[in-house]
Amino acid sequence: MELTSKQRAQLRGLANGIDTIVHIGKDGITENLIKQANDALEARELIKCRVLENAMLTAREACDELSRLTRSEPVQVIGTRFVLYRQHYDKSRRKIQLIRDKKREA
């Protein structure tokens, strides 16, 4: 699922109010970190991550790699933080209702 610019803007606004829950340190992206990110995406759909100073990755590299491994969409990368989004497959469990793009529906 590819996000539109309006949907990204909506998700960026929602991400302002959430706490950082995934921290990437000197070990980089490990199996435990992937599991933690998957569990958080399953529970929340939108998560904020941070790359610590002692990590060997930049925030952009970590965002690209973690989004690929968790099958999520990168929303935003600013400084050492980034935001990921993955929509629930079960419509009844979705917490975030994305705005619809009228141009894509036509």
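Between ILE78 and ALA9, what is the label-point separation in nm under the 7 Å Cα-to-beta-carbon projection?
Each label point lies 7 Å from its Cα, and together they span 1.5 nm.
Taking only DSSP H segments of four or more residues, each worth -39500 (n - 2.57), what value at 222 nm results for the chain once the sum is divided by all its residues, to the nearest 500 deg cm²/dmol?
Computed ellipticity for the chain at 222 nm equals -11500 deg cm²/dmol.
With 21 Å as the limit, write out which pairs from LYS26/LYS48; LYS6/LYS35; LYS35/LYS91 have Cα-Cα distances beyond it, or answer none.
Those over the limit are LYS6/LYS35; LYS35/LYS91.
May I ask you to derive the relative contact order of the chain, considering only C-alpha pairs under 8 Å and at least 6 residues apart, and to give it as an integer percent?
Working: 151 pairs, mean separation 31.2, N = 106.
It rounds to 29 percent for the chain.
With a Cα-only, solvent-free Debye model of the chain, what are the log10 I(q)/I(0) values at q = 0.15, 0.18, 0.20 Å⁻¹?
-0.60, -0.84, -1.02
If you stretched the chain out fully between GLU42 and ARG93, how much longer would it get, using 0.36 nm times the residue separation minus the C-alpha to C-alpha distance?
Here the segment from GLU42 to ARG93 would lengthen by 17.4 nm.
Helix 5-15 sits at what angle to the longest principal axis of the chain, using alpha carbons and giving 0 to 90 degrees rounded to 10?
The angle comes out at about 60 degrees.
Quick one: putting +1 on the C-beta of Lys and Arg, -1 on the C-beta of Asp and Glu, what dipole do you get for the chain around its Cα centre, in Debye to the nearest 20?
On the way: 21 positive and 15 negative charges, 122 e Å.
Charge dipole of the chain: 580 debye, to the nearest 20.
From the C-alpha coordinates alone, can you work out the Kirkwood hydrodynamic radius of the stretch 32-76, in Å?
Answer for the stretch 32-76: a Kirkwood hydrodynamic radius of 10.9 Å.
Relative to the longest principal axis of the chain, what angle (0 to 90°, nearest 10) does the C-alpha long axis of helix 59-70 take?
70 degrees
Compute the semi-axes of the equivalent ellipsoid of the stretch 53-104, taking the square root of 5 times each eigenvalue of the Cα gyration tensor, and list them largest first in whole Å. If you can, show how the numbers build up before the last one.
Values: eigenvalues 142, 35, 19 Å².
Working through the eigenvalues yields semi-axes of 27, 13, 10 Å.
Any read-out appearing in this document is the output of simple, stated calculations on the displayed coordinates, not a laboratory observation. What you see is a predicted model, and the numbers here were worked out from it, not measured in a lab. Methodologically, a virtual Cβ is constructed for each residue, glycine included, from the backbone with ideal geometry; neighbour enumeration extends over all protein chains shown.
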